[in-house]
Amino acid sequence: MSAIVAYRRRSGWRESDAAFVGRAATHHQCSISVRSPIGNRDDDDLDRPRGGVPDRRRRGFVLRTSDRWVGGVIRDRWPRGTAPVRQDSTVTQRSGSPQSGTGAATAPESPENIGTVAVVGRGRLGSVLVEALQGGGLVVSGPHGRGYSGEREDAIVLLCVPDAAITSAAALICKGPLVGHCSGATGLASIAPHRGFSIHPVMTFTARTGPAALTDTPAAVAGTDGPALDVARSLAVRLGMRPFTVAEPDRPAYHAATAMAANFLVTLESAAGTLIRTAGVDPKVLLPLAHAALDNWGEQGAAALTGPVSRGDQGVVKSHRQALTGRTPELLPMFDALVAATQRLAQSRIDKTRFTVGTRTMLVVNTVSALRRALKAHGARSIGFVPTMGALHQGHLELLRRAREDNDLVVLSVFVNPAQFNDPADLAAYPRTDAQDRAHAETAGVDIYFAPTADVVYPPTFTATVALAGPIVQTFEGAHRGSGHFHGVTTVVTKLLMMIRPDRAYFGQKDAQQLRVVQALVADLDIEVQIVPVPTVREPDGLAMSSRNVRLTPESRSMALGLHQALVTGRAAFELGETAESIVASAARILDDYSIVPEYLAVVDGNDFRQILGKPAGRAVLIVAAMVGRIRLIDNVVLQ
Ligand code: AMP
């Protein structure tokens, strides 16, 4: 056997180096020709092409003199797989001339001084690590069987054995070397009384995994002390991995997260595969989608969440559930748990929503003059305006999304308008979440966030009222919240439209009567703005999103579902051709089931909000308002 060794050292060439090379030749049973005894490149350059990826086809070794390391690479002249892998002899010594033999070993003093690494465990991970450590230029012995007790020259014994076998394998190791293990779940107490470390590649290993899988893989490292931790870090780097530290108390949480990210993902994909197979479709069609979803999560976090649950599309979620009930009922508990978890995630994502638009800078203004300056400075071709009272939720964000889609500039107003509250206690209790609202607004692509105080909108000199007349402002909300309610709405909306002069203003169908009032307002006053109605955004269970929902107790939250259920039942009656009276009666029965006493429940003409009796004709809306616990909620469904 023969091999050519390209051999360099960092500086200078010593007599003793020749002895080491000679020793390496004996050890590797090859002849060595020294190509370049003096050089100034880093040892790693020899076995790492530029770019830092180790070339696994080469066999590396590192020789150590009394005061420095020298390294080399044996260009593999042997047929693949038969190149010598040292099992039990010595290439390095802590000092003096090389010797071999067994006895007490000594742990490395610093990460630079990593000596022989003995790998224990002949499983997949053990073999992969032996190959990878050699590729990283380290002197490696093994993989040894689990009964290995350590050799004199071992600086590190790395246990690549099942978690349950770590303690017993560590107990066999003689005193001296650092003992490492590769488990994520097992604490360092398992290697006591040794000093040592753990190094856990955040990667799954299958029968087909090779050392290349380690390259660029993050690795969790921990140490019984600082130097041991440094050695673990250094080993990880030599293996081409990216080390990060996990403290012992955090280990279970860290490992649970890796199990969720990898193992549970397989469970999830298998479940999806089972279901799609019932439709006669090969589960493999899901792969590109799964990859894309993961990539998106990597880039955007929770903002990557898409789909019916996060959209609040309750109808689709329901149809999914029905499909599972019929075809794979065993998957229902998992499905329900995931719907609930996804729902919570969709609710909580503040920093990154699916409405993120580039990296615009949002301007926050509080006065009318600052607002006008901002509008002028922008010189937008089209302005979209979304008036709100804050405590923003997905319903508001849907309005903003539409505004962002349609316009050059988006202005959001956040103003809890005292003029439209008939009950001072209700005004005082109205949720105010300014910081959160700003975060939502910014990620929703708002350009100008206008949050005036009450005295900016209603200075002491203010006396005007903009008031519509007729049933549209007197019935239902007008009747129950008092005539002042809609006067307060029309006054503030007129003021805001005058301040901003938008091309389009966005209002939710959720407040159906308010929407009609605003449409009538701009028609009556010839205000040049397009009022854009936006359908109601609902929670997955159907509850209409509202700023007030956060004030619902868990009991009243369940009770509140009755509103939507009643509307759905009413619409079903309408679709069967029932009269307004029986539509209302069937909806009322559901409210009763939920112990909800409505303030009003009626089928109304969608134009003027007069109550309809008999068979609904033209635009008809089923509307409801009720105190649910201590919170007043309203909702509606358009019948036609
Ligand atoms: P508010 O902050 O409650 O005054 O609402 C501001 C705007 O958002 C109004 O046009 C509401 O109709 C609209 N809005 C509130 N909740 C929803 C919802 N769940 N879906 C769609 N629009 C909504």
Can you name the helices (runs of 4 or more DSSP H) wholly within the stretch 397-486 that have at least 2 residues being farther than 30 Å from LEU622 by Cβ and either under 31 Å from the mean Cα position of the chain (by Cα) or aliphatic (A, V, I, L, M) (or both)? 434-443, 454-457
What single numbered condition from (1) in contact (Cβ under 8 Å) with a residue 24 or more places away in the chain; (2) farther than 25 Å from GLU398 by Cα fails to hold for ALA469? (1)
Only one of (1) modelled with pLDDT under 90; (2) within 16 Å of the ligand (Cβ to nearest atom) is not met by THR361, so which one is it? (2)
When restricted to GLN530, GLN519, the only residue of a type outside the set (A, V, I, L, M, F, W, C) and in contact with a Lys or Arg (Cβ under 6 Å, 6 or more places away or on another chain) is GLN530
Matching residues, the stretch 376-400, being over 20 Å from ASN417 (Cα atoms) and within 16 Å of the ligand (Cβ to nearest atom): GLY384, GLN394, GLU398
Looking only at the stretch 337-353, decide whether some residue is at pLDDT 90 or above and surrounded by 14 or more Cβ atoms within 10 Å (Cβ to Cβ). yes
Sort out which residues of the stretch 173-218 are of a type in the set (A, V, I, L, M), loosely packed, with under 15 Cβ neighbours inside 10 Å and without any contact (Cβ under 8 Å) to a residue 40 or more places away in the chain, and write them in order of number. ALA189, ALA192
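Yes/no matrix, rows are residues, columns are (1) within 30 Å of ALA544 (Cβ to Cβ); (2) acidic (Asp, Glu):
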{"residue": "GLU269", "(1), (2)": "no, yes"}
{"residue": "VAL285", "(1), (2)": "no, no"}
{"residue": "ALA304", "(1), (2)": "yes, no"}
{"residue": "GLY315", "(1), (2)": "yes, no"}
If I filter the stretch 401-430 down to residues being of a type in the set (Gly, Ala, Ser) and within 15 Å of the ligand (Cβ to nearest atom), which single residue comes out as surrounded by the fewest Cβ atoms within 10 Å (Cβ to Cβ)? ALA429
Among the residues of the stretch 507-520, write down those that are within 7 Å of the ligand (Cβ to nearest atom) and touching a residue at least 40 places away in the same chain (Cβ under 8 Å). PHE507, GLY508, GLN509, LYS510, ASP511
When every residue in the stretch 521-535 that is away from the ligand (no atom under 11 Å from the Cβ) and either surrounded by 20 or more Cβ atoms within 10 Å (Cβ to Cβ) or in a strand (DSSP E or B) (or both) is compared, the one farthest from the chain's Cα centre (by Cα) is LEU521
Take the stretch 611-628 and flag every residue that is buried (at least 16 other Cβ atoms within 10 Å of the Cβ) and in contact (Cβ under 8 Å) with a residue 40 or more places away in the chain. PRO616, ALA620, VAL621, LEU622, ILE623, VAL624, ALA625, ALA626, VAL628
Only one of these is within 30 Å of ARG344 (Cβ to Cβ) and crowded, with 17+ Cβ neighbours inside 10 Å: GLU555, GLU539. Name it. GLU539
Scan the stretch 179-228 for residues that are within 22 Å of ARG152 (Cα to Cα), of a type outside the set (Gly, Ala, Ser) and part of a helix (DSSP H, G or I) and jot them down. ILE191, PRO227
Report the residue count in the stretch 537-568 for those that are in a helix (DSSP H, G or I), within 14 Å of the ligand (Cβ to nearest atom) and out of contact with any strand residue (DSSP E or B) (no Cβ under 9 Å at 6 or more places or on another chain). 1
On the basis of being within 13 Å of the ligand (Cβ to nearest atom), modelled with pLDDT under 95 and among the hydroxyl-bearing types (Ser, Thr, Tyr), does THR433 make the cut? yes
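The values are calculated or read from the model by the stated rules, or taken from the named source; none is laboratory data. Quick caveat, the model's predicted, so the values are computed rather than measured. Glycine gets a Cβ as well: all are built from the backbone with ideal geometry, and neighbour counts include every protein chain shown.
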